Amino acid sequence: MATACAPLRDEDPVVLHVAHSVPVTTAEGPGRRFALWVQGCTLRCPGCCNPAAFAPGRGPGVRVDDLVEQLRDARARHGIVGLTLLGGEPLQQRPAVTALCRAAQQLGLGVIVFSGYRWAEASVLPGFDVLWASIDTLVDGRYDAEQPEPGPDDGGRRFIGSRNQRLLHRTARYRDPDAWRGPAQAEIHVDPRGRVSVHGEPGAVASVLAQLRRSPGSTVPGDR
């Protein structure tokens, strides 16, 4: 049973700059998940499918306690079992990301964080040890468009963008290799304001966007 989330103190870092979020997806990790893309990344991987999230501070600052309420709502409405954080670069907003991951953990949700930092780089960042204690799996390493993850018929892992990226499991929740097997997936989402987004594995997203560009009169949305 999930324990109650302790109230955040006034001195706690409670604001996270957010590029985008979806309340439920099956394209960003095993099971039904809440996915959130943070805003801001200085790594700027060549070929990144989300360059709009590079600029720091551009996304709205959202209080972590408001995001926790969104997690509760998504769990009640959509039966989500996990939270996935992507970017941008989550590790460049460690205090707020840590607070959100800790709250998700206390709600009984599995937590996956995608980071361009390699473990050796991440592990020496101030406060990373606290963040690591609040997640189940870290996907580490910069996205490399020159090393795309193989397809499922060639032993490729689902949800992963490039071969150099690693799955680092702190807990057993997502350690089963079968959780990372299956066909590449992309999703099209329309938010309450009618804004369209496409997200998922880079190759699958590129295929969807190419199809949209070939459709007469269509408006191609930005990825994620």
Order TRP119, TRP37, most accessible first, counting only protein heavy atoms with a 1.4 angstrom probe. TRP119, TRP37
For labels at ASP154 and GLN106 in the simple 7 Å Cα→Cβ model, what's the distance in nm? 4.5
Leaving ligands, DNA and RNA out of it, work out the accessible area of SER115 with a 1.4 Å probe and give it in Å² to the nearest 10. 10
Can you give me the long-range amide H partners of SER162? Hydrogens built in the peptide plane at 1.01 Å from N, cutoff under 5 Å, separation of 5 or more residues or another chain. ASP144, GLU149
So, R0 is 30 Å and r is the distance between the beta-carbons of THR26 and ASP66; what FRET efficiency does that work out to, to 0.05? 0.80
Roughly to the nearest percent, how much of the accessible area of segment 43-184 is carbon and sulfur, given a 1.4 Å probe? 51
For segment 1-154, radius of gyration divided by Kirkwood radius, i.e. Rg to Rh on alpha-carbons: 0.95
Simple spin-label estimate for ASP129 and VAL15 in nanometres, 7 Å along Cα-Cβ: 3.0
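The values are calculated or read from the model by the stated rules, or taken from the named source; none is laboratory data. Keep in mind the model is a prediction, meaning the values are calculated, not measured. Methodologically, a virtual Cβ is constructed for each residue, glycine included, from the backbone with ideal geometry; neighbour enumeration extends over all protein chains shown. Side chains are part of the model used for accessible areas, which takes the heavy atoms of the whole protein and leaves out ligands, DNA and RNA. Shrake-Rupley method; radii C 1.70, N 1.55, O 1.52, S 1.80 Å.
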